[in-house]
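Below is one structure, written out as structure tokens, with a few remarks after it.
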Amino acid sequence: MIRVKRRLNSTDVADALTDLFILRGPPEYIRSDNGAEFIAKKVRAWIGAVGAKTAFIAPGSPWENGYCESFNARFRDELLNGEVFTTLREAQILIERWRRHYNTVRSHSALGYRPPAPKSIVPIDQRPTMH
């Protein structure tokens with residue numbers, strides 16, 4: 001899920017990272033830019049408390065965080081540049097819709113033109129039975 005708010009602060013960052021760590025476990029490093037929400041003492045302390053380390057990219061060096069920069073460019077090109085959101089709720093709905101499409105439908109060249117997490121459909125007559 002992409003967090004959509006008018007402004008994200010250090011608490012929002014810690015909450016998002018908590019959700020990710022619960023889902024996937026804590027990483028060895030968290031790479032980010034030097035934005036205020038990531039360099040906040042609260043976030044750095046929280047990251048350290050869960051056993052991860054920070055790896056900040058050098059200012060003006062987006063290539064050091066290529067995956068995020070690539071995603072951000074596509075997010076801007078494919079959605080944000082073509083939309084004018086009239087409410088925060090509208091932005092949340094349309095951004096979540098785009099994220100789902102990006103992950104489950106849209107082809108990715110690095111994956112042999114397959115989506116990263118395609119939806120699985122199992123015909124009802126092929127589903128396992130409960131005994």
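The values are calculated or read from the model by the stated rules, or taken from the named source; none is laboratory data. Every value quoted in this text rests on a predicted model; they were computed, and no experiment measured them. Note: ideal-geometry Cβ built from the backbone for every residue, glycine included; neighbour counts use all protein chains shown. Note: accessible area is taken over every heavy atom of the protein model, side chains too, but ligands, DNA and RNA are not part of it. Shrake-Rupley method; radii C 1.70, N 1.55, O 1.52, S 1.80 Å.
Within region 89-101, restricting attention to residues that are over 14 Å from the mean Cα position of the chain (by Cα) and of a type in the set (D, E, K, R), the residue that is least open to solvent (accessible area, probe 1.4 Å) is E90.
Name the residue that is nearest to R7 (Cα to Cα), counting only residues in region 63-99 that are without any contact (Cβ under 8 Å) to a residue 60 or more places away in the chain and of a type in the set (K, R). Checking each candidate, the answer is R89. The condition of being open to solvent by 60 Å² or more (accessible area, probe 1.4 Å) and either over 21 Å from P26 (Cα atoms) or of a type in the set (S, T, Y) (or both) holds for only one of T86, T54, that being T86.
Only residues that are closer than 23 Å to G66 by Cβ and either in contact with a Leu (Cβ under 9 Å, 6 or more places away or on another chain) or not hydrophobic (A, V, I, L, M, F, W, C) (or both) were counted in region 12-43, giving 15. A search for C-beta distances below 7 Å between a residue of region 1-24 that is hydroxyl-bearing (S, T, Y) and surrounded by 15 or more Cβ atoms within 10 Å (Cβ to Cβ) and any residue that is at pLDDT below 90 and not in a loop (DSSP other than H, G, I, E, B), counting only pairs 6+ apart in sequence or on different chains, returns S10/E37; S10/K42; S10/V43.
Take the conditions in a loop (DSSP other than H, G, I, E, B), under 22 Å from M1 (Cα atoms), modelled with pLDDT of 80 or more and within 18 Å of the chain's Cα centre (by Cα) and apply them to R106. Does it pass? Answer is yes for this residue.
Scanning region 40-54 finds one or more residues that are at pLDDT 85 or above and closer than 19 Å to K5 by Cα. Residues in region 35-50 that are surrounded by 11 or more Cβ atoms within 10 Å (Cβ to Cβ) and not hydrophobic (A, V, I, L, M, F, W, C): G35, E37, K42, R44, G48.
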